[in-house]
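The values are calculated or read from the model by the stated rules, or taken from the named source; none is laboratory data. Everything quoted here is computed from the prediction, not taken from an experiment. Every residue, glycine as well, gets a Cβ built from its backbone with ideal geometry; the counts of neighbours run over all protein chains shown.
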């Protein structure tokens, strides 16, 4: 761990503070302002839809201007978008809230590259640990995010205006942290230099495809259940302080394992750790289906967080073996697009399902993507085993 990596861990924590607070409040703001109840999570969907839309432009900015400038632009947009959301909440303008969250997706598209930047700032033999430690930085968001939402929700006359303004301050702090970081210079482009494989060729690789699908669907399931939890708990009559507590422990589950996930991957391999993540996702759904008391929401969301950490860190580590340096920006854009596309669909689906079908059917539906990921990881493990047998 060098200074740049420690600062990147802090940047990840500040980003997750923004992310968790957004998810904690956007669904509730949407529920109070949306024309129809099933549209409650449209602001949450706007956030990740913006991430998907801006994945390509962010990739091009990073390729031309480098990580540092791109991350700075992302934080500047974060400040502008949260202030726009604050204004929209104060004027009770639902569609302006949605516009602000879509704009905030530019920040998310940038910050989701922090984990890849960590691999570039460390020696090849410790990349798994570097990715894991940066993921662990989200623990700051686990503690600060829900508490920030709870403590600032009533600072202004309109609910949650203070929370949005606080998020602008968090992004400003991140800009100061970024000023002390150093990234490798952007390599000069040479005429006729190899640009690597196309997107289609990358996706034709089993390793890259499984990494992309596992990362995207794993994140989608986590978001589907997390985004709907505040609405489900409110429907069950639980107070917002309980919602904040559940989200806090969920995000602790997401990022606390980062302190040792890299060690586990190094010792047992990437696919076995991803398999454990899949099992934990299934356990989360089982607990959620057992009842709607506070302790059941708490345990289910904590298991969901740990399962996501194992699966997503494993998928990220797996992807690092599937592309060449000259393919970096293209490959990472594809991986992030898979994440944001599934996040957009799951964010919208969470509001529709929980308000029309209920918490039980939402959880039962989550078994489908979990099963798809399980099948993909099992197939890749079988495929690799067959290759070893042939080689032997």
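For (1) in a loop (DSSP other than H, G, I, E, B); (2) under 20 Å from the mean Cα position of the chain (by Cα); (3) at pLDDT 90 or above, each residue gets a yes or a no:
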{"residue": "182", "(1), (2), (3)": "yes, no, no"}
{"residue": "186", "(1), (2), (3)": "yes, no, no"}
{"residue": "194", "(1), (2), (3)": "yes, no, no"}
{"residue": "211", "(1), (2), (3)": "no, yes, yes"}
{"residue": "214", "(1), (2), (3)": "no, yes, yes"}
{"residue": "219", "(1), (2), (3)": "no, yes, no"}
| said: Going through 81, 59 one at a time, which residue ends up being in a helix (DSSP H, G or I) and at pLDDT below 90? | reply: 59
| query | On the given criteria, is residue 237 outside any helix (DSSP H, G or I) and out of contact with any strand residue (DSSP E or B) (no Cβ under 9 Å at 6 or more places or on another chain)? | reply | yes
| said: If I ask for residues that are part of a helix (DSSP H, G or I) and surrounded by fewer than 19 Cβ atoms within 10 Å (Cβ to Cβ), which ones from the range 300-327 would you list? | reply: 325, 326
| Of residues in the range 363-378 being more than 20 Å from the chain's Cα centre (by Cα) and farther than 19 Å from residue 338 by Cα, the one modelled with the highest pLDDT | 378
| note | Going through (1) surrounded by fewer than 23 Cβ atoms within 10 Å (Cβ to Cβ); (2) at pLDDT below 85 one by one, residue 289 fails only at (2)
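Does residue 280 qualify as being closer than 28 Å to residue 119 by Cβ, assigned to a helix (DSSP H, G or I) and touching a helix residue (DSSP H, G or I) at 6+ places or on another chain (Cβ under 6 Å)? Working first, answer last.
Values: closer than 28 Å to residue 119 by Cβ: yes; assigned to a helix (DSSP H, G or I): yes; touching a helix residue (DSSP H, G or I) at 6+ places or on another chain (Cβ under 6 Å): yes.
Here the answer is yes, as residue 280 does meet what is asked.
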| request: May I ask you to list the residues in the range 136-161 that are surrounded by 24 or more Cβ atoms within 10 Å (Cβ to Cβ) and either modelled with pLDDT of 80 or more or under 18 Å from residue 97 (Cβ atoms) (or both)? | output: 137, 148, 149, 160
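So that you can scan it fast, the table gives a plain yes or no per residue for (1) farther than 25 Å from residue 158 by Cα; (2) crowded, with 22+ Cβ neighbours inside 10 Å; (3) in contact with a strand residue (DSSP E or B) (Cβ under 7 Å, 6 or more places away or on another chain):
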{"residue": "5", "(1), (2), (3)": "yes, no, no"}
{"residue": "8", "(1), (2), (3)": "yes, yes, no"}
{"residue": "16", "(1), (2), (3)": "no, yes, no"}
{"residue": "26", "(1), (2), (3)": "no, yes, no"}
{"residue": "32", "(1), (2), (3)": "no, no, no"}
{"residue": "62", "(1), (2), (3)": "yes, yes, no"}
{"residue": "66", "(1), (2), (3)": "yes, no, no"}
{"residue": "73", "(1), (2), (3)": "yes, no, no"}
{"residue": "106", "(1), (2), (3)": "yes, yes, no"}
